[in-house]
1. Any residue at all in the stretch 112-120 that's surrounded by fewer than 18 Cβ atoms within 10 Å (Cβ to Cβ) and assigned to a helix (DSSP H, G or I)?
2. Restricting the search to the stretch 250-291, which residues are at pLDDT 90 or above and under 20 Å from the mean Cα position of the chain (by Cα)?
3. Return only the number of the condition from (1) crowded, with 16+ Cβ neighbours inside 10 Å; (2) over 25 Å from residue 113 (Cα atoms); (3) modelled with pLDDT of 90 or more that residue 481 does not satisfy.
4. Looking at 359, 364, which is the one that is over 21 Å from residue 446 (Cβ atoms), touching a residue at least 24 places away in the same chain (Cβ under 8 Å) and over 19 Å from the mean Cα position of the chain (by Cα)?
5. Quick test for you: out of 146, 109, pick the one residue that is more than 30 Å from residue 280 (Cβ to Cβ), out of contact with any strand residue (DSSP E or B) (no Cβ under 9 Å at 6 or more places or on another chain), in a helix (DSSP H, G or I) and modelled with pLDDT of 95 or more.
6. Among 514, 463, 452, which is the only one that is at pLDDT 85 or above, within 30 Å of the chain's Cα centre (by Cα), farther than 30 Å from residue 85 by Cβ and not in a loop (DSSP other than H, G, I, E, B)?
7. Tell me which of these residue 73 doesn't satisfy, since it passes every other one: (1) over 15 Å from the mean Cα position of the chain (by Cα); (2) modelled with pLDDT of 85 or more.
8. Is it the case that residue 193 is more than 17 Å from the chain's Cα centre (by Cα), under 30 Å from residue 149 (Cβ atoms) and modelled with pLDDT of 85 or more?
């Protein structure tokens with residue numbers, strides 16, 4: 001791998017060592033393979049050598065106000081629309097549709113199967129089409145699908161809408177990861193990703209309130225049907241907002257001046273992960289499946305999502321099994337959202353300052369382990385202890401966004417970043433398929449196998465996170481050694497010029513992984 005990486009890098013270094021007289025001096029063919037930001041930065045630097053300095057703090061605030069609220073709204077509705085079937089189950093959906101046995105479990109699982117399959121075309125589309133536009137389109141379409149759930153009258157109808165919902169929601173994580181990484185530095189990405197990901201916790205709280213509120217609707221139209229119609233309408237409106245206001249790249253933003261756009265690109269070029277490229281590179285796709293870090297991220301995500309699949313799909317059902325009324329069950333589910341928000345925001349703030357992703361990820365698994373133990377070994381009559389267990393397990397939701405930030409920071413090359421985002425996002429579906437299937441009706445009311453699964457997967461996830469930290473540290477040390485050995489070499493002196501060359505993290509030996 002080291003030999004291959006040096007050969008690829010050397011080709012670009014030989015090119016970069018030639019005298020440059022402006023954007024036109026860069027060979028046309030290689031410019032096409034480079035990142036889309038290359039031509040813009042060269043052109044703007046050529047005409048703005050003596051421009052007024054940009055206040056970076058004010059620039060970041062301006063970006064935050066324009067970008068983060070849209071991403072937050074999209075992710076909030078993605079979570080609500082995904083799990084509202086959980087609330088509908090205690091509002092009479094199962095009885096109204098005549099669901100029997102494990103049919104509800106199959107409807108929950110169908111979403112994630114469709115989500116997983118749809119990641120393949122999502123990756124292809126994101127390589128060729130504008131990211132923000134595709135995100136907006138996907139949000140509108142899953143909003144329409146959510147509204148159509150109100151028209152279901154049997155198991156088949158519900159199964160079909162859940163399949164379409166999973167297919168359209170498959171775009172959310174890859175799109176938001178790509179958008180965040182093109183606007184922010186590695187340190188800035190963590191708190192911003194934590195902010196939009198905290199929409200999950202808001203969704204849990206808001207979803208409980210929505211369910212409680214719609215249970216008071218008295219009409220011939222079932223309350224859960226009204227809920228699906230209302231939520232679908234809100235999602236469609238957010239999708240239109242996304243299409244209208246979210247730019248596809250910093251270069252395409254209409255609310256930034258040319259100098260501000262250049263400042264954004266100069267700020268993020270240190271990431272060495274690029275912004276955008278429409279050229280598909282087969283070697284980068286191949287590298288995804290040969291890279292140990294990708295497999296570790298996939299394995300960790302599967303472990304986490306097994307527990308998440310159990311909790312998000314069945315938390316209301318488990319709480320209901322303690323003997324609470326449907327209305328009280330909806331309200332008792334809300335503290336789970338508070339735990340999700342606190343763990344997500346706190347980890348985002350701390351990791352954004354210290355970059356200790358691995359230690360925080362492992363640490364956040366501990367509440368999940370404790371929660372899984374309480375759920376597993378306390379009887380269903382011990383309601384308080386079981387509820388605390390359910391709430392604690394929700395701390396693991398913050399680990400997933402830290403995995404996303406790890407991926408955004410440590411995977412370079414546009415084709416590789418898209419493919420890695422799709423693979424990791426798809427692996428979330430694998431765990432989410434496994435999780436609900438451990439929840440069998442024959443195990444009611446204790447559901448002991450599902451609860452033990454939560455406990456075991458959290459312990460394993462903590463081990464994987466620490467192992468990945470050791471791998472990154474080893475790889476950084478290896479690259480430091482190579483850099484010392486090549487000190488003084490003419491090519492090594494120009495290695496800082498490869499930020500926009502669309503190289504992967506393995507091809508670019510100046511790249512360093514965050515721990």
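The values are calculated or read from the model by the stated rules, or taken from the named source; none is laboratory data. Note that the structure is predicted; figures quoted are calculated from it, not measured. When we count neighbours, we look across all protein chains shown, and the Cβ atoms used for this are built from the backbone with ideal geometry, even at glycine.
1. Checked the stretch 112-120: at least one residue is surrounded by fewer than 18 Cβ atoms within 10 Å (Cβ to Cβ) and assigned to a helix (DSSP H, G or I).
2. Scanning the stretch 250-291 gives 285, 288, 289, 291.
3. Looking at each condition in turn, residue 481 falls short on (1).
4. It is 359.
5. Checking each option against the conditions leaves just 146.
6. Being at pLDDT 85 or above, within 30 Å of the chain's Cα centre (by Cα), farther than 30 Å from residue 85 by Cβ and not in a loop (DSSP other than H, G, I, E, B) holds for just one of 514, 463, 452, which is 463.
7. (1)
8. no
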